[in-house]
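Inspection log for the structure reproduced underneath, given as C-alpha cells.
Bear in mind that the values in this text are calculations on the coordinates, not laboratory data. Treat the numbers as computed from the prediction; the structure is a model and nothing was measured. As a convention, Cβ positions derive from the backbone with ideal geometry for all residues, glycine included, and neighbour counts pool all protein chains shown.
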Amino acid sequence: MRSRTLGRGTVRVTELSFGAAGIGNLYTPVSDADARAAVDAAWEAGLRYFDTAPHYGLGLSERRLGAALRDRPRAEYTVSTKVGRLLAADPGAVGEDTAGGFAVPATHRRVWDFSADGVLRSVEASLDRLGLDRVDILYLHDPDDHLPQALDQAYPAMERLRAEGVVGAIGAGMNHAAPLTRFLRDTDVDAVLLAGRYTLLDQSGLTELLPEAAARGKSVVAGGVFNSGLLADPRPGARYDYEAAPRPVLDRALAARTVAERHGIPLRAAALHFPFGHPAVASVLLGARSAGEVRDGAELLRRALPAGFWAELRGSGLLPEGVPVPASAPAGEGG
C-alpha cells in the first residue's frame, strides 16, 4: 500500500489507516479476539498507520492496539495517540461509560487538561498502556473549548517532545475545520486530523483548511469519511455526525447511492476514495471493529472508480462544481 510523509517531516503514513475507536468498544462491545483479528487483518492488508486515544474506551483501545502490535517490527508501523483528556480513577462509579459513547465499565472519568503537565502525564500513561517507548504522532484531541490553553501550554509542550524525539510529528484532531486552520497558520504542526468535514456530504474543510494545508506543505488525515455510518449504509435511523441523520441529509445519501449503483460501485467505495482528490490529504482513517470491515475497506481502496460517476454526481447537484475528485486509477497502488 502506498505511503506518504506527513508535512515536511519524516513520519510516514499509509494511505489507508486504522482507526482504533471501534476496538475500544465504541457503542457496542468487541471481544479481545475480534479486536486482535481486526488489527491483524489491517497488517495483512498493508495498513501501517494506527490511530488511537485515551478517550477510546477509557484506555481499552490503547491497550488492545499495543498488545496486537507488540510482536511487530517497531520500525515498520506508525502509531498516533492524543492528549487533552486525562483518565482519573473513579472507584465510586457504577455502570458503563454510556455518556462517553463506549461500552466499557465506567472505572475512570475524563478530565480535560491541555496544560503542559497534562500533556506529559497523558503521554506517559499512553506509552504505558500501549507498551511502547515512543509514539510517532501526537494530536491535541478536540481542543475546541480549550483553545487558549491548547495553544499557549499544550502545543509548546508537544513541540518540545518532538524536538526531543519522544514523538515524531505533532498535530491536532477535531470535528471542526476553522480551529484546525488556525493551528495550520499559527503553529508548526505537521498534520491535522479532520473528522467528518471532508466527505461526500460535507466539504466544509475545502473552504480554508485544505488550501491552507497545501500552501504550507502540511498534511491532512481525513477521518469520519462515512459521516458516522450514513455513507456506509444510508437508511432511516442511520447516524450522521453521531446522531440520527436528518431527512434531507439522508435523502442526499440515498441519491448518491443510486448514482453509485448505476456505475456498479458501492457508495462506501466512493466515500473512501473521495478525500484523495485533494493533494493535502495524506491518509484516510478507517474506523474498524472487525477483520471483515478492515478487509472490505482495503478492497474498496483497490477498486477503480469510473470518472463518469463523479461527473454524474456533479450533474445531479450532489457534488458542487470545483470540488476536486480522485483520478480514476485506484488509490493504494504504486510506490
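Among Ala244, Pro306, Ile23, whose Cα projects farthest towards the positive end of the dipole of segment 3-315, with charges put on the beta-carbon of Lys, Arg (+1) and Asp, Glu (-1)?
The listed residue farthest towards the positive side: Pro306.
What is the chain's relative contact order, in percent, from Cα pairs under 8 angstrom and six or more apart in sequence?
About 19 percent, as a whole number.
Using Cα atoms only, what is the angle between the long axis of helix 291-302 and the major principal axis of the chain, expressed in degrees (0 to 90) to the nearest 10?
Here the helix axis deviates by roughly 50 degrees.
If we count every other residue with Cβ under 15 angstrom of Val323's Cβ, Lys/Arg +1 and Asp/Glu -1, where does the sum land?
-1
With both bridge residues required to lie in the chain, what share of the DSSP beta bridges run antiparallel, to the nearest 5%?
Once the DSSP bridges in the chain are tallied, antiparallel ones form about 30 percent.
Using the Cα centre as the reference, give the magnitude of the dipole from point charges on the C-beta atoms of the chain (Lys, Arg: +1; Asp, Glu: -1; all else neutral), rounded to the nearest 20 debye.
With Lys and Arg at +1 and Asp and Glu at -1, about 580 debye.
Please list, by residue number, every one of the chymotrypsin sites (Phe, Trp or Tyr not before Pro) in segment 180-268 that is coil in DSSP and has at most 14 other beta-carbon atoms within 10 Å.
Within segment 180-268, the qualifying chymotrypsin sites (Phe, Trp or Tyr not before Pro) (loop, at most 14 other Cβ atoms within 10 Å) are Tyr242.
Taking only Cα atoms, what is the 0 to 90° angle, nearest 10, from helix 60-69's long axis to the longest principal axis of the chain?
Tilt relative to the chain: about 80 degrees.
Mind checking the angle between helix 247-262 and the chain's longest principal axis? C-alpha axes, 0 to 90 degrees, to the nearest 10.
It works out to around 60 degrees.
If you stretched the chain out fully between Arg235 and Asp40, how much longer would it get, using 0.36 nm times the residue separation minus the C-alpha to C-alpha distance?
Length difference between fully extended and current span is 67.1 nm.
So for each of 71-81, 313-323, 296-306 I average, over its residues, the number of other beta carbons within 10 Å; can you give me the resulting order with the highest mean first?
My ranking of the peptides, most packed first, is 296-306, 71-81, 313-323.
What whole number of Å gives the distance from the Cα centroid of segment 179-247 to the Cα centroid of segment 79-115?
24 Å
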